[in-house]
Amino acid sequence: QVQLVESGGGLVQPGGSLRLSCSASGTSEMIYTMGWGRQAPGKQRELVATITTAGSPYYAASVKGRFTMSRDNAKNTVYLQMNSANPDDTAVYYCYAVLFGTYYWGQGTQVTVSS
């Protein structure tokens with residue numbers, strides 16, 4: 001069973017920045033696809049960013065130009081650098097990994113953007 005652990009969430013003021021991390025454990029395989037989703041209260045979970053071992057991230061339009069995703073393939077770890085945060089970014093952020101066609105999700109980390 002693959003386990004994913006996110007860290008780095010918290011309170012940030014509008015315009016501020018924070019960095020989320022997610023590490024996968026429980027597999028010796030290099031995970032081809034990892035990414036981030038988020039879910040705001042009363043909303044459906046949405047894709048934030050995704051990345052493969054090729055290293056070229058895809059971003060949702062809502063975060064493009066503000067967030068940057070990266071990964072360490074050897075560690076099966078991904079990061080999400082959040083810049084120019086706004087209140088609409090408030091959500092629980094979830095890390096995911098795809099292994100042999102199965103999606104695995106972390107428990108999430110709360111990000112609150114508020115003054």
(request) Return the residue satisfying two criteria in turn: it lies in region 43-69 and is open to solvent by 40 Å² or more (accessible area, probe 1.4 Å) and hydrophobic (A, V, I, L, M, F, W, C), and of such residues it is farthest from the chain's Cα centre (by Cα). (result) Ala54
(request) Go through region 36-57 residue by residue and tally those that are at pLDDT 95 or above and closer than 20 Å to Ala24 by Cα. (result) 9
(message) Can you find, within region 89-115, the residue that is most open to solvent (accessible area, probe 1.4 Å) among those that are part of a loop (DSSP other than H, G, I, E, B) and small (Gly, Ala, Ser)?
(response) Ser115
(message) Checking the condition of a type in the set (Val, Ile, Thr) and within 26 Å of Gln1 (Cα to Cα), which residue from Thr112, Thr27 passes?
(response) Thr27
(message) So in region 37-84, with the set limited to residues that are out of contact with any Ser or Thr (no Cβ under 6 Å at 6 or more places or on another chain), in contact (Cβ under 8 Å) with a residue 12 or more places away in the chain and of a type in the set (D, E, K, R), which one is nearest to Pro14 (Cα to Cα)?
(response) Arg38
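The values are calculated or read from the model by the stated rules, or taken from the named source; none is laboratory data. Everything numeric here is computed off the predicted structure, so don't read it as measured data. Using ideal geometry, Cβ is built from the backbone for each residue, glycine included, and neighbour counts are taken over all protein chains shown. Side chains included, ligands, DNA and RNA excluded: accessible areas come from the protein's heavy atoms. Shrake-Rupley method; radii C 1.70, N 1.55, O 1.52, S 1.80 Å.
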